[in-house]
Amino acid sequence: MVNLREITEANLISIIDLDVREDQKDQVASNAISIAQAHYSKSAWFKGIFNNDIAVGFVMLDLIKEENKCFLWRFMIDKKHQGKGYGKLALTQVIDWVRSLEAFEEIRTSFVPTKNGAGGFYEKFGFIETGKLEDSNEIGMKYSLLKINHKG
């Protein structure tokens, strides 16, 4: 049973201890850095991803309702739990939650274009590329919330 949970004092270390594979480390910040950034952001929303009571991942959104901007800022599944479908289940829950807010038309994200990058995962889900981001080597993507379009 994959679910998104508040990060609390009781589960904080289990989220901080999660890590991606060595060849993915240049693609996503550590969860400790992400949680610190979230605490200083007025628009960050973040959760731990759990399979039953075991921490398996982390997700963070940047939600700026006044500007109709929703950005999937961080999304990671621990190296020991990748390939088990947890990412797909968690991202489905995130998208359904954002859609339920009825405040955004799309979710944007970006990925580092590498052989082992997240682009293929997002593309299979229904995100479409929007091009290279300014001042970055990342590729932008967007997911329309106006229709149910995830391919899961």
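The values are calculated or read from the model by the stated rules, or taken from the named source; none is laboratory data. Predicted, not measured: the structure shown is a model, and the values here were computed from it. No Cβ is skipped: glycine too gets one built from the backbone with ideal geometry, and neighbour counts run over all protein chains shown. What goes into the accessible areas is simple: the full protein's heavy atoms, side chains included, and nothing from ligands, DNA or RNA. Shrake-Rupley method; radii C 1.70, N 1.55, O 1.52, S 1.80 Å.
The table that follows gives values for the structure above.
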quantity	calculated
Listed peptides 17-24, 35-42, 69-76 by packing density, highest first (mean Cβ within 10 Å)	69-76, 17-24, 35-42
Options 49, 93, 10, ranked by Cα towards positive dipole end of the stretch 1-102, top entry (Cβ charges)	93
Which of 82, 70, 35, positive extreme of dipole for the stretch 34-95 (C-beta unit charges)	82
Hits among aspartates and glutamates - C-alpha to C-alpha of residue 25 under 18 Å, sequence gap 8 or more where chains match	17, 78, 138
Quarter of Cα convex hull surface for the chain, i.e. mean projection, nm²	8.9
Compactness index (Cα Rg / 2.2 N^0.38 Å), the stretch 77-152	1.13
Scaled radius of gyration (Cα, divided by 2.2 N^0.38 Å) that the stretch 9-65 gives	1.16
Fraction of accessible area attributable to carbon and sulfur, the chain (%, probe 1.4 Å)	52
Length-normalised contact order for the chain - Cα pairs under 8 Å, 6+ apart - percent	20
Solvent-accessible heavy-atom area per residue, rounded to whole Å², over the stretch 4-152 at 1.4 Å	57
J(HN,Hα) series, the stretch 28-43, from Karplus relation 6.51 cos²θ - 1.76 cosθ + 1.60, nearest Hz, glycine and proline x	8, 5, 5, 5, 4, 5, 4, 5, 4, 4, 4, 5, 10, 10, 7, 10
Burial ranking of peptide ranges 128-139, 83-94 (average Cβ count within 10 Å, highest at the top)	83-94, 128-139
Label-zone membership for the stretch 63-97, site residue 36, 7 angstrom Cα→C-beta point, backbone N under 19 Å	73-76
